[in-house]
Amino acid sequence: KEDKEKIKKAMNENLPRKMEIKEKIRIKTENGKIKTLECNLYPKYNNNEYVGIYGFFKDISSELDSSILNPIDYILNGFTHSQKLALLLDPFNPVTYSFTDGFYNIIGVKKQEYTHNYNIYKHIGEKKVVEKLKKMESGEVNKFDETFTFYKDKTTKKPINCELILENFYVNNELHTIGFLIDITQDIEKREHIKIIEKQKIIIKEVHHRIKNNLQILNSFINLEKREYSKEPELIIEHMQSRLNSLSILHAQTCESLDFENLNVNEAITQQEKTLNNLLNSHNDINFITYIDSELWMPISLITPLLLIINELTTNSVKHAFNDNTKNKQIYKHMKLIDGKTCEFVFKDNGIGLKDTKMQNLGSVIIKSLIKQINGTLELTVNNGTQFKIKFPINQEYVGYK
């Protein structure tokens, strides 16, 4: 509008007296794009008689630096052609409201079908956002800046994510509102995708680290048992097989849950029990009784030595705790949180009772070493069988119920 008036004025001011008109003017094309033209006009005479005007127009839009071209033109161009970004003027006024085309694309309504009584509120997912937007409409607040989910169609399960920014201002004591509506769905999806990729990288790195540590543990066990069972290599292989299976359970759970920090204790021990039963199928007359809360979680760094402890206790008990006279053979396991600082694990069998109560054999040495890793204490009771009660400190931030 400003340039239109400038040209009209120049054309009406007795142009023949002027040798030349040079102006930079802005026009809006049919598709709504704003261009800047360099205008050069000259008066034309024939035998001193004024004939008219000749000249040329040059499109200099691409030549102009943003500091020369009016920044508002750039903004308007951006809003005019964007389907994910909308400029809102007086959105609460049923007479003077004006929206760029992106608004109608975002809300999923054709421009010619939109009326001001279209209820935007019912399409917004968050009640708090609706309440705040109504306060903006009533004038209780002067600024609004929120992200929310918007359902174009209530039958559509997946909403889009929007950001809406509004602010009130006064012109000649009249209240007006200007704002921006932005469809940020793709941005959020990209950020979430990046988060998933980064998390997967961390998981892979963590899993590799744990595999390396576990292999070192197994290597230590092999070195210990090579000295103890040098004449029984098949026994070493059998022991290693059960330990490997226990560690593979943790590896599988970590990959399946995508949680490299915490795992479900009951799932880990239950799966270990099934694996050990398959390995020790010659002792299938033993009844395993396990009580562990299905909602108890612990970090892998704690579950790893615990499963190895259970592996050693189970293997030793199955092989040595019972004789042919033992009836109703049972192995009992129970784990619970005593308080916010301590966890208790009880392993008990109803066998003939442990003879080496000082726990000096190799299996006992391994068990005590693993208990030391978790800063635990062991209470041994031999009475109608053998009971191991292990108490260890916990960090409530990582150990507890989900």
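Where a number appears in this text, it was derived from the coordinates with a stated rule and is not lab data. Note that the structure is a prediction, hence the values are computed from the model and not measured. All Cβ positions, glycine included, derive from the backbone under ideal geometry; neighbour counts span all protein chains shown.
Residues PHE148, PHE103, ranked from the fewest to the most other C-beta atoms within 10 Å, line up as PHE148, PHE103. May I ask you to list the lysines whose Cα is less than 17 Å away from that of LYS201, ignoring any residue fewer than eight positions away on the same chain? Those lysines meeting the cut-off are LYS190, LYS212. With one equal scatterer per alpha carbon and no solvent term, the Debye-computed log10 I(q)/I(0) for the range 258-364 at 0.11, 0.13 1/Å reads -0.38, -0.53. If R0 is 56 Å, the Cβ-Cβ spacing of LYS22 and LYS127 corresponds to a FRET efficiency of close to 0.40.
Less than 5 angstrom separates the built amide H of GLN330 from those of ASN287, ASN350, all sequence-distant by 5 or more or on a different chain. Each residue, ASP3 and GLU206, gets one label point 7 Å from its Cα in the Cβ direction; the gap between the two is 5.8 nm. In straight-distance terms, cross-link reach from LYS336 covers every one of the lysines whose alpha-carbon lies under 25 Å from its own, apart from those fewer than eight places away in the same chain; here that gives LYS274, LYS348, LYS368, LYS372, LYS389, LYS391, LYS402.
Which entries of LYS199/LYS333; LYS4/LYS58; LYS6/LYS28 have Cα-Cα distances beyond 23 Å here?
From the list (LYS199/LYS333; LYS4/LYS58; LYS6/LYS28), the Cα-Cα distance tops 23 Å for LYS199/LYS333.
For LYS158, a cut-off of 16 angstrom between C-alpha atoms picks up these aspartates and glutamates, skipping any fewer than 8 places away in its own chain: GLU126, ASP183, ASP187, GLU189, GLU192.
Determine, from the Cβ-Cβ distance of LYS327 and ASN278 and an R0 of 22 Å, the FRET efficiency 1/(1 + (r/R0)^6), rounded to the nearest 0.05. Efficiency computed from Cβ-Cβ geometry: 0.35.
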